[in-house]
Amino acid sequence: MKTAFLPDPVAAQFAEAGFAMLPGLFAPAEVAALLRAVESAPVSGLNFRRSQEVFAIRDLLGEVPGLWPLLNIPGLRQLLGELFPAGGGRLVKAIYFDKPAGSNWLVAWHQDLMINVNRRADQPGFGPWTNKAEGAAVQPPVAVLEDIVTIRIHLDDCDATNGALKVVPGTHRLGVVAAAAIAGHTPDATMCAVPAGGAMLMKPLLLHASSRSTSHRPRRVMHLEFASVELPAGLAWRERRVL
């Protein structure tokens, strides 16, 4: 039986369009606790980026381990059980984004094509690779990307004025879209407003972008990627955690 976390119409939209909104996944007190944990984190190191335009933390659970018990709530576990009914949904990437008030930072249209892994180990269908100070990342085969579900937990009310995501429905079913072809899809974009405490479900292959902020409200989001697929021998998810 479907629960209130993923009712049939929402599940159908997610499958067809590649995204869906779930308001009220986290209660106001839970959102406040998440924000306190982030605000207590250090602000230096390879996984931290801070400027007037953006504050980002990569490997979020590794850098702010106090977030783990705050995220590991029954509602999120139940949602993952519905998204991965065969089991095995594991956290494989976690990033915190803060678009401060008045930020001119924007994100161009793109798909999320790279996964974080423990090391470089050449395998058929995996590539290109990047090797940064924080670790290795690679573009995997499309089947791996299709297995991933992104859950974006919104810690502020988010709309067009403070940088809500724009998406192109259905593009998650197109595989990897060539850069030259992306502009041809964007006239069909829609904006995704999400209230504080709500979540946005998204497939990584969905074309998405973010506009500049025109308001004085922040847009703080926890971007969590979950997957059930196992990587081939020699590769492992670098940030793997199990709820």
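Any residue that is touching a helix residue (DSSP H, G or I) at 6+ places or on another chain (Cβ under 6 Å) and under 28 Å from Phe84 (Cβ atoms) - is there at least one of those in region 115-122?
Among the residues of region 115-122, not one is touching a helix residue (DSSP H, G or I) at 6+ places or on another chain (Cβ under 6 Å) and under 28 Å from Phe84 (Cβ atoms), which makes the answer no.
Taking into account only those residues within region 159-195 that are touching a strand residue (DSSP E or B) at 6+ places or on another chain (Cβ under 6 Å) and among the aliphatic types (A, V, I, L, M), which is farthest from Arg219 (Cα to Cα)?
Filtering region 159-195 for residues that are touching a strand residue (DSSP E or B) at 6+ places or on another chain (Cβ under 6 Å) and among the aliphatic types (A, V, I, L, M), the one farthest from Arg219 (Cα to Cα) comes out as Ile182.
Out of all the residues in region 180-202, is one or more over 30 Å from Glu30 (Cα atoms) and assigned to a loop (DSSP other than H, G, I, E, B)?
Checking region 180-202: at least one residue is over 30 Å from Glu30 (Cα atoms) and assigned to a loop (DSSP other than H, G, I, E, B).
Say whether the condition of being exposed (fewer than 15 other Cβ atoms within 10 Å of the Cβ), without any contact (Cβ under 8 Å) to a residue 24 or more places away in the chain, outside any strand (DSSP E or B) and on the phi < 0 side of the Ramachandran plot is met by at least one residue in region 167-179.
Looking for residues that are exposed (fewer than 15 other Cβ atoms within 10 Å of the Cβ), without any contact (Cβ under 8 Å) to a residue 24 or more places away in the chain, outside any strand (DSSP E or B) and on the phi < 0 side of the Ramachandran plot, one finds at least one in region 167-179, hence yes.
Which of (1) in a loop (DSSP other than H, G, I, E, B); (2) charged (D, E, K, R); (3) closer than 23 Å to Ile57 by Cβ; (4) out of contact with any Ser or Thr (no Cβ under 8 Å at 6 or more places or on another chain) is the odd one out, the single condition Glu230 does not satisfy?
Against the list (1) in a loop (DSSP other than H, G, I, E, B); (2) charged (D, E, K, R); (3) closer than 23 Å to Ile57 by Cβ; (4) out of contact with any Ser or Thr (no Cβ under 8 Å at 6 or more places or on another chain), Glu230 comes up short only on (3).
From the set of residues in region 137-166 that are touching a residue at least 60 places away in the same chain (Cβ under 8 Å) and either in a loop (DSSP other than H, G, I, E, B) or among the hydroxyl-bearing types (Ser, Thr, Tyr) (or both), which is nearest to Trp109 (Cα to Cα)?
My answer is Gly163.
Give the number of residues within region 100-134 that are out of contact with any Leu (no Cβ under 9 Å at 6 or more places or on another chain) and assigned to a strand (DSSP E or B).
The qualifying residues number 5.
Could you list, in sequence order, all residues of region 109-122 that are over 30 Å from Gly197 (Cα atoms), in contact (Cβ under 8 Å) with a residue 60 or more places away in the chain and buried (at least 16 other Cβ atoms within 10 Å of the Cβ)?
Ala121
Are there any pairs, at least 6 apart or on different chains, whose C-beta atoms fall under 8 Å, with the first in region 6-20 and at pLDDT 95 or above and the second hydroxyl-bearing (Ser, Thr, Tyr), and if so, which?
From region 6-20, the pairs are Gly18/Thr171.
Can you tell me which residue is surrounded by the fewest Cβ atoms within 10 Å (Cβ to Cβ) among those in region 204-223 that are among the aliphatic types (A, V, I, L, M) and farther than 13 Å from Phe97 by Cβ?
The residue in question is Ala209.
Got at least one residue in region 206-220 being within 23 Å of Leu25 (Cβ to Cβ), under 14 Å from the mean Cα position of the chain (by Cα) and outside any strand (DSSP E or B)?
Yes, because at least one residue in region 206-220 is within 23 Å of Leu25 (Cβ to Cβ), under 14 Å from the mean Cα position of the chain (by Cα) and outside any strand (DSSP E or B).
Please find, within region 49-87, the residue that is modelled with the highest pLDDT out of those that are surrounded by fewer than 16 Cβ atoms within 10 Å (Cβ to Cβ) and part of a strand (DSSP E or B).
Checking each candidate, the answer is Arg49.
The values are calculated or read from the model by the stated rules, or taken from the named source; none is laboratory data. Note that the structure is predicted; figures quoted are calculated from it, not measured. As a convention, Cβ positions derive from the backbone with ideal geometry for all residues, glycine included, and neighbour counts pool all protein chains shown.
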